[in-house]
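Colleague: Could you have a look at this structure, given as structure tokens, before my questions?
The values are calculated or read from the model by the stated rules, or taken from the named source; none is laboratory data. For clarity, every value in this text was computed on a predicted model and none was experimentally measured. Note that we place each Cβ from the backbone using ideal geometry, even for glycine, and neighbour counts take in every protein chain shown.
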Amino acid sequence: MEILETSLWVLLVIISFVLIGLVLIHRGRGGGITDMFGGGFASGVQSSAVGERNLSRITWVLAVVWGMIVVLLGLITRFSI
């Protein structure tokens, strides 16, 4: 059980950093951090509506996986003896 908990913690940290990066890449709607740095990588990813839509889908999937890992870690902590 300890290996599962440790691997979930590692996965949670990795997904957290990836989510932070994905959110910062998203197109700013009114001047945000993406506009402050001039777009950079974001302008290449967002060059089409398909790219923006795929970026949103990946972000949502990772956010749901992140939430599931948090719930699993809570359950493991709650019911471990």
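Colleague: Taking Thr77 as meeting all but one of (1) surrounded by 10 or more Cβ atoms within 10 Å (Cβ to Cβ); (2) modelled with pLDDT under 95, write down the number of the exception.
Modeller: The one condition Thr77 does not meet is (1).
Colleague: Still on this structure: Can you confirm whether Val71 is at pLDDT 95 or above and not charged (D, E, K, R)?
Modeller: Considered against the rule, which asks whether it is at pLDDT 95 or above and not charged (D, E, K, R), Val71 comes out as yes.
Colleague: Six or more apart or on different chains, Cβ atoms under 7 Å: show the pairs whose first residue is in the stretch 12-24 and free of Cβ contacts under 8 Å to residues at least 60 places away in the same chain and under 19 Å from Gly74 (Cβ atoms) and whose second is among the small types (Gly, Ala, Ser) and surrounded by 11 or more Cβ atoms within 10 Å (Cβ to Cβ).
Modeller: Taking only residues 6 or more apart or on different chains, the pairs are Leu19/Ala63.
Colleague: Quick one: in the stretch 18-68, of everything that is of a type in the set (D, E, K, R) and surrounded by 14 or more Cβ atoms within 10 Å (Cβ to Cβ), which residue is modelled with the lowest pLDDT?
Modeller: Of everything passing the filter in the stretch 18-68, Arg27 is modelled with the lowest pLDDT.
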